[in-house]
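Chemist: One structure, as structure tokens, below. Some questions next.
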Amino acid sequence: MRIGVFCSGGDAPGMNPCVRAVVRRAISAGHEVVGIQYGYKGLLSEDFFLNAAGEPRMTLRSVSGWSKAGGAKLRSSRCAEFQTEAGLVKAAGILDKHGIDALIPIGGDGTFRGAVDLMKHWGGRVVGCPGTIDNDLVGTDFTIGFSTAVQTAVEAVDKIRDTAESHERMFLVEVMGRHSGYIALYTALACGAEGVCIPETDTVVAEIADQLRVLEERGKTSVMIIVAEGDERGGAFDLQRSLVQYGYPAKTRVVILGHLQRGGCPSPEDRILASRLGDFAVSSLENGETAMMAGVRGGKNTLTPMEATFGKRKPLPDDLMELLKTLAM
Ligand code: F6P
């Protein structure tokens, strides 16, 4: 098989070890791997990774040192042209022209939507790997990049807690998660935050203010509220404004962690997940699978129809929400 591999959408720590696994696993079984740079945008401009000999084919050495590398060495992008009919037809023609039989896209919901659309025009096989810090894809317990993003957010919030304690302040820390509260909830739980605001649950300002008063009465002097950027009430600045409007003293500080969460060396969990999924994506293609996303659920490799992985919210673990409330006393 001639397999095209690419990263698409927001980069996620662990995309590189995933590409490394695809390349090494595929080559060891006698396949060829073409690295497509800049995701769908690079596919449309035929921008392929060149090996040391200048050929558009990845070798075992092309991915040396990629286990620990942050970012996306193949580069990534979001591509508007690919969302058009003409773009999809053009992409299909390019794949055929280069003799590519199968694709392994590494990305999130937008990437898989794109792959599903492409398959309406192209006869090759596609098995994707979930790569997004948001952990918002159905069909896998965790996505590649989530563990590292949480680790980064936790390190930041721990530092903010130090200054919060020194000045006896409340901080509203905004983390990423466009439609999902996974990063916020896991960060909040790991940091012992007093509250979390996420798109999956209603954020009621009056309730937060009441809870803060109770905590103050119990002698709490510093408070951390973790806010997902996609919370239905808006981000951390919006929540700060709402609390002030509600009469809560305007002594809070806001920190937005932003893209910090997308960088850095992948955590061991992400490296292992990425390696496992890269390997599994190749073996799934060998078994004739297509239109699937490789995932790990309950410790087992699983395939989920790509179409079922997006457009539907992956539920948050209720027990963790409850635990956060119980412990934030
Ligand atoms: O999907 C990953 C993500 O990091 C989201 O959490 C965030 O909303 C978005 O990408 C940001 O995208 P961009 O880098 O294009 O601003």
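Chemist: Considering 155, 168, which residue is open to solvent by 30 Å² or more (accessible area, probe 1.4 Å), touching a residue at least 12 places away in the same chain (Cβ under 8 Å) and more than 19 Å from residue 277 (Cβ to Cβ)?
Modeler: Numbers: 155 fails: touching a residue at least 12 places away in the same chain (Cβ under 8 Å).
Being open to solvent by 30 Å² or more (accessible area, probe 1.4 Å), touching a residue at least 12 places away in the same chain (Cβ under 8 Å) and more than 19 Å from residue 277 (Cβ to Cβ) holds for just one of 155, 168, which is 168.
Chemist: Please count how many residues of segment 1-21 are within 16 Å of the ligand (Cβ to nearest atom) and either assigned to a strand (DSSP E or B) or among the small types (Gly, Ala, Ser) (or both).
Modeler: Qualifying residue count for the region: 6.
Chemist: Examine segment 176-185 for a residue that is crowded, with 16+ Cβ neighbours inside 10 Å, more than 27 Å from residue 67 (Cα to Cα) and away from the ligand (no atom under 16 Å from the Cβ), and state whether such a residue exists.
Modeler: No, every residue in segment 176-185 fails to be crowded, with 16+ Cβ neighbours inside 10 Å, more than 27 Å from residue 67 (Cα to Cα) and away from the ligand (no atom under 16 Å from the Cβ).
Chemist: Here's something else I'd like to know. Quick one: is residue 148 more than 14 Å from residue 18 (Cα to Cα), open to solvent by less than 10 Å² (accessible area, probe 1.4 Å), out of contact with any strand residue (DSSP E or B) (no Cβ under 8 Å at 6 or more places or on another chain) and within 16 Å of the ligand (Cβ to nearest atom)?
Modeler: yes
Chemist: Another question about this same structure. Name the residue, out of 80, 53, that is free of Cβ contacts under 8 Å to residues at least 24 places away in the same chain and within 16 Å of the ligand (Cβ to nearest atom).
Modeler: 80
Residue-wise test of (1) under 30 Å from residue 313 (Cβ atoms); (2) of a type outside the set (D, E, K, R); (3) open to solvent by 20 Å² or more (accessible area, probe 1.4 Å).
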{"residue": "7", "(1), (2), (3)": "yes, yes, no"}
{"residue": "19", "(1), (2), (3)": "yes, yes, no"}
{"residue": "33", "(1), (2), (3)": "no, yes, no"}
{"residue": "88", "(1), (2), (3)": "yes, yes, no"}
{"residue": "98", "(1), (2), (3)": "no, yes, yes"}
{"residue": "106", "(1), (2), (3)": "yes, yes, no"}
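Chemist: Just give me the residues in segment 95-134 being more than 15 Å from the ligand (Cβ to nearest atom) and assigned to a helix (DSSP H, G or I), in sequence order.
Modeler: Answer for segment 95-134, where residues must be more than 15 Å from the ligand (Cβ to nearest atom) and assigned to a helix (DSSP H, G or I): 95, 96, 97, 115, 116, 117, 118.
Chemist: Considering only strands (runs of 3 or more DSSP E) fully contained in segment 245-329, which possess at least 3 residues that are in the same structural domain as residue 174 (by TED's automatic domain parsing)?
Modeler: Values: elements: 253-256, 292-297, 300-305.
Here the list reads 253-256.
Chemist: Within segment 220-231, work out how many residues are in a loop (DSSP other than H, G, I, E, B) and either modelled with pLDDT under 95 or away from the ligand (no atom under 16 Å from the Cβ) (or both).
Modeler: Here the count works out to 3.
Chemist: Of all residues being out of contact with any Phe, Trp or Tyr (no Cβ under 9 Å at 6 or more places or on another chain) and open to solvent by less than 10 Å² (accessible area, probe 1.4 Å) in segment 127-142, which is farthest from residue 92 (Cα to Cα)? Just the residue, please.
Modeler: Ranking the qualifying residues of segment 127-142, first place goes to 140.
The values are calculated or read from the model by the stated rules, or taken from the named source; none is laboratory data. These numbers come from a predicted model, not from an experiment. Neighbour counts run over all protein chains shown; Cβ positions are idealised from the backbone, glycine included. Just so you know, the surface numbers come from the protein's heavy atoms only, side chains and all, with ligands and any DNA or RNA stripped out. Shrake-Rupley method; radii C 1.70, N 1.55, O 1.52, S 1.80 Å.
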